[in-house]
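Engineer: For reference, the structure I am asking about is given below.
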Amino acid sequence: MKKRIKFQGFIIFLAVLALIFYSRYLLRTPQGNALVNLLNALGFILALFGFFLRITARGYKAQLNPDGKTLITKGPYAVMRNPMYFGTLLIGLGIILVLFRWWVSAIFLIIYLCIYLPQINREEGVLANRFPGAFKDYCKNTPKFFPSIANLFRPSCGNGLCFKFVWIKKELPSLIITFIFIVGVQIWQDIKLLGYINYKAKIFEIILPAGIFFLVVLLAYAKKSVSGEK
């Protein structure tokens with residue numbers, strides 16, 4: 001786990017360096033046409049749904065399997081066997097749709113598969129040894145990676161893609177950093193294109209709704225946390 005985290009950190013460091021020195025080749029030129037707006041909207045939706053998957057999967061697993069001794073087969077884990085990793089894929093593709101040129105997705109997919117495919121195989125090997133019969137039956141009915149829509153409506157799915165605000169805590173820093181990164185890069189591009197004087201009014205138009213969004217999320221989370229403690 002530590003080696004994977006270090007490797008991911010190194011990859012992120014290289015990606016930031018590449019973005020700084022080769023932004024003209026990596027970033028999509030902001031043109032403001034209908035296609036760009038569509039890609040931005042689709043990218044944000046993918047990224048947000050990716051975080052939603054990670055939040056539900058992580059929270060559901062922590063609630064039902066705090067000691068790691070239970071095989072989770074319901075909730076988001078009835079739709080696919082690795083919802084957290086699939087959520088990470090959606091987040092990455094969403095960021096690329098919003099900011100980068102299309103060919104960057106090929107590089108991202110190669111790096112993603114090199115990191116997560118061995119990790120998934122190792123984790124499933126552990127589960128197969130720990131729960132030999134149950135895990136084999138689980139694999140027969142649940143896809144390894146891509147979600148099964150049919151499974152979502154099965155009675156055995158439990159409460160499906162359930163969501164609780166208290167589950168946001170562990171993913172909230174990543175969500176905020178991702179949002180700041182996307183908006184920050186877009187502002188940087190627009191300032192280079194229009195100049196700071198012509199763009200400074202638009203900065204407020206972006207920061208204000210973003211601030212309201214995160215304030216609502218934090219207040220909702222705080223309210224749920226207090227009610228949960230009681």
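Engineer: Just one of Ile72, Ile55 is among the aliphatic types (A, V, I, L, M) and part of a helix (DSSP H, G or I); which is it?
Structural biologist: Working: Ile72 fails: part of a helix (DSSP H, G or I).
Exactly one of Ile72, Ile55 is among the aliphatic types (A, V, I, L, M) and part of a helix (DSSP H, G or I), namely Ile55.
Engineer: Given (1) at pLDDT 90 or above; (2) in contact with a Phe, Trp or Tyr (Cβ under 6 Å, 6 or more places away or on another chain), identify the lone condition not met by Phe49.
Structural biologist: (2)
Engineer: While we're looking at this one, here's another question. Going by what's in this entry, would Arg24 be described as closer than 23 Å to Pro173 by Cα and among the charged types (D, E, K, R)?
Structural biologist: no
Engineer: Follow-up question, since we're still on this one. Can you tell me which residues in region 37-71 are β-branched (Val, Ile, Thr) and either touching an Asp or Glu at 6+ places or on another chain (Cβ under 7 Å) or surrounded by fewer than 19 Cβ atoms within 10 Å (Cβ to Cβ) (or both)? Spell out how you get there, then give the answer.
Structural biologist: First, the residues of region 37-71 that are β-branched (Val, Ile, Thr): 45, 55-56, 70.
If the condition is that a residue be β-branched (Val, Ile, Thr) and either touching an Asp or Glu at 6+ places or on another chain (Cβ under 7 Å) or surrounded by fewer than 19 Cβ atoms within 10 Å (Cβ to Cβ) (or both), then Ile45, Ile55, Thr70 are the ones that fit.
Engineer: Any chance region 75-83 includes a residue that's modelled with pLDDT of 90 or more, over 29 Å from Ser23 (Cβ atoms), outside any loop (DSSP other than H, G, I, E, B) and β-branched (Val, Ile, Thr)?
Structural biologist: No: region 75-83 contains no residue that is modelled with pLDDT of 90 or more, over 29 Å from Ser23 (Cβ atoms), outside any loop (DSSP other than H, G, I, E, B) and β-branched (Val, Ile, Thr).
The values are calculated or read from the model by the stated rules, or taken from the named source; none is laboratory data. Everything numeric here is computed off the predicted structure, so don't read it as measured data. When we count neighbours, we look across all protein chains shown, and the Cβ atoms used for this are built from the backbone with ideal geometry, even at glycine.
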